[in-house]
Amino acid sequence: MDTILPVLIAIITGSALLVLIMILRSLSGKRKGGRASGAVRRKDRAVIIRESTKRLTHDPHNINALQQLADLYFDEQNWGKAFPLYDSLYELSLVHPEINIQKDALRQGMCALKINKLDEAGKGLFSAHKLLPNDFDTNFYLGLFLYQKKDYDKAIACLRKAHAIRPDMTNVNRPLGFSYYKSQHYKESLPYLRRVLDESPEDKETLFSLASAMEEAGFGDKALKVFVHLRPDPDFGAQSCLSAGLIHERSKQYQQAVQDYEIGLKLENVPSELQTTLRYRLAGSYISMNNIGKGLYYLKQIQNTTPNYKDVAALVQRYQELNSNSNLQTYLMAGTSDFVALCRKFVEAYYPNAIVKIEDISVAPESIEILCSVESSRWEDTELFRFYRNTGAVGELYVRDFHSKLRDIKGDRGFCVTAGTYTDEAHKYVEGRPIDLIEKNMLVSVLKKIDMLG
């Protein structure tokens, strides 16, 4: 027993050493093989380039040389070098049936697309699509080509087919979502734009487009949250401020709209056209809040930089007058109760030397009417005043309607008052009838008299 134990130990130790030596040799062989493999690949690449270039020098139409060199550069994603080689193969395919036209036409188009040669890309991609209409790559790259050419409806058809062939390929979502968005199919764009953001949450262009699409599709509340989130963004902030402001304006939240537009104007590098639009909307929001002074400030800024922008000149003229005449401002812009109170003062000021008694006041959406009795030292009448708040031209039909009302109540005289004018037909209609047409100039004169009376 004493002699067997040392022998067993010696056998086990020797076996372990033998296994260790074999493992070390194996690892050494793999390392040598790896270095040799890399060297072979580098040598093969160099050989392919040298021999192919040499053959093409003697024969520019050598198919094998063109193919080997084109495939090598394509595998290396060297699109600029691969493109002219595939372009040559594509042209030669008419007389060389051995060329794999399906593969080479597709690759010609892909390379052209990668280096932004759109005109050249079309010929290869359309040919490949005819030959391989159910292939993912041909549909995807032709869809990309059509998207870049802004032929969005055709791009959608190709990209949808590519998506149906390979639903797992997420790179289809962005061009497909933007094709729907830019062709104004906003609702259809939403699922694809959301998938893009799932993959790339920091993609601000997609986020802004998603918000715009949601707004157009009727999801304004959700869109507003995104626009507000994007307001500080250096690239999409100003446009987001404009979009948020417009949503707030539509819901008559003018204070929030003012905040949106002011944030947009504080951002750097905002294009001048967008700055002008922000100022115009900001002026309108201030005016809607009856802050005419602030509104005028921004309208005049526009007038200094872009004199012929929209109706700015007319607005400046109008609101300068309103800014200097608080009663006219009330007449055109105040709430109903203040407007009615002013109209009462107008009736009383119109007859400074008579006793005026208000009998009835009726409020309609487009006007208000005041029925009153007027008594002076020499006469007494029942009179009807109708006040229009518009600044345009009041037509004959409105005056006819007023005359009918005056007859119904058996009034002695009627007065139609507007901050604008009356048409020629309206003036002709009242000739010989107990109606006076009071236009803006007379209105302003009486309103100033009210100021003097206190």
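For GLU321 and LYS222, a Förster radius of 35 Å and the Cβ-Cβ distance give a FRET efficiency of 0.25, rounded to the nearest 0.05. Placing +1 on the Cβ of every Lys and Arg and -1 on the Cβ of every Asp and Glu, with no other charges, gives region 122-186 a dipole of roughly 180 debye about its Cα centre. When +1 charges are put on Lys and Arg Cβ atoms and -1 charges on Asp and Glu Cβ atoms, the dipole computed for the chain relative to its Cα centre reaches about 2040 debye. Spatial offset of region 291-355 relative to region 400-451 amounts to 21 Å, using the alpha carbon center of each. Size descriptors for region 389-429 (Cα atoms only): Rg and Dmax, in that order, 10.5, 29 Å. For the set GLU321, GLU425, solvent exposure ranked by accessible area (probe 1.4 Å, protein chains only) runs largest to smallest as GLU425, GLU321.
Cut-off under 13 Å on the C-alpha distance; same-chain residues fewer than 8 positions from LYS114 excluded. Which aspartates and glutamates are left, in chain and number order? Of all the aspartates and glutamates, none pass the test against LYS114 - Cα under 13 Å, at least 8 places apart if same chain. Restricting attention to the chain, close to 60% of DSSP beta bridges with both partner residues there are antiparallel. Largest accessible area first, the listed residues ASP87, ASP59 line up as ASP59, ASP87 when surface is computed with a 1.4 Å probe on the assembled protein chains. Rolling a 1.4 Å probe over the protein heavy atoms leaves TYR422 with an accessible area of roughly 10 Å².
Convex hull volume per residue, computed on the Cα atoms of region 275-434, equals 129 Å³. Extent of region 235-283 along its three principal axes (Cα atoms, max minus min coordinate, largest first): 29, 18, 13 Å. Measuring nothing but protein heavy atoms, the accessible surface of the chain at 1.4 Å probe radius is 52 percent carbon and sulfur. Sites listed here are trypsin sites (Lys or Arg not before Pro) in region 259-313 whose DSSP assignment is loop and whose Cβ has at most 14 other Cβ atoms within 10 Å: LYS310. Across region 107-229, Cα pairs under 8 Å and at least six residues apart give a relative contact order of 14 percent. The modelled label-to-label distance between ILE358 and VAL95, using points 7 Å beyond Cα along the C-beta direction, is 9.9 nm. Rounded to the nearest 10 degrees, the inclination of helix 152-165 to the longest alpha-carbon principal axis of the chain is 40 degrees. Counting only protein heavy atoms and using a 1.4 Å probe, the accessible area of PHE387 comes to about 0 Å². For the chain, find the longest principal axis of its Cα atoms and tell me its angle to the long axis of helix 204-216, 0 to 90°, nearest 10. It is inclined by approximately 40 degrees. Where a ≥ b ≥ c are the square roots of the eigenvalues of the C-alpha gyration tensor, would you call region 76-175 rounded, which needs a/c under 1.5, or, failing that, prolate if a/b is larger than b/c, or oblate? Prolate. The residues of the chain expose, per residue, 56 Å² of accessible area to a 1.4 Å probe.
Compared with the dominant Cα axis of the chain, that is its longest principal axis, helix 254-266 is turned about 50°. Under the classification rounded if a/c is under 1.5, otherwise prolate if a/b is larger than b/c and oblate if not, where does region 45-110 fall, given a ≥ b ≥ c as square roots of the Cα gyration tensor eigenvalues? Here region 45-110 falls in the oblate category. Any idea which of GLN77, LEU332, LEU267 is furthest toward the positive side of the dipole for the chain, if Lys and Arg beta-carbons carry +1 and Asp and Glu beta-carbons -1? Sorting the options by dipole projection puts first GLN77. Projected onto its three principal axes, the C-alpha set of region 299-374 covers 54, 29, 15 Å, listed from the longest axis down.
With contacts taken as Cα pairs under 8 Å at a separation of at least 6 residues, the chain carries a relative contact order of 5 percent. Figure note: THR277, THR391, THR206 ranked by solvent-accessible area, largest first, 1.4 Å probe, ligands and nucleic acids not counted: THR391, THR277, THR206.
Computing Cα extents along the principal axes in Å for the structure here picks out one of (1) 79, 48, 42; (2) 150, 79, 41; (3) 78, 59, 55, namely (2). Ligands, DNA and RNA aside, GLU431 has an accessible area near 130 Å² when probed at 1.4 Å.
The values are calculated or read from the model by the stated rules, or taken from the named source; none is laboratory data. Keep in mind it's a predicted model, so treat the numbers as computed, not measured. Because the Cβ atoms are built from the backbone with ideal geometry, glycine has one as well, and the counts that use them run over all protein chains shown. Please note that ligands, DNA and RNA were not included when accessible areas were found on the heavy atoms of the full protein model with its side chains. Shrake-Rupley method; radii C 1.70, N 1.55, O 1.52, S 1.80 Å.
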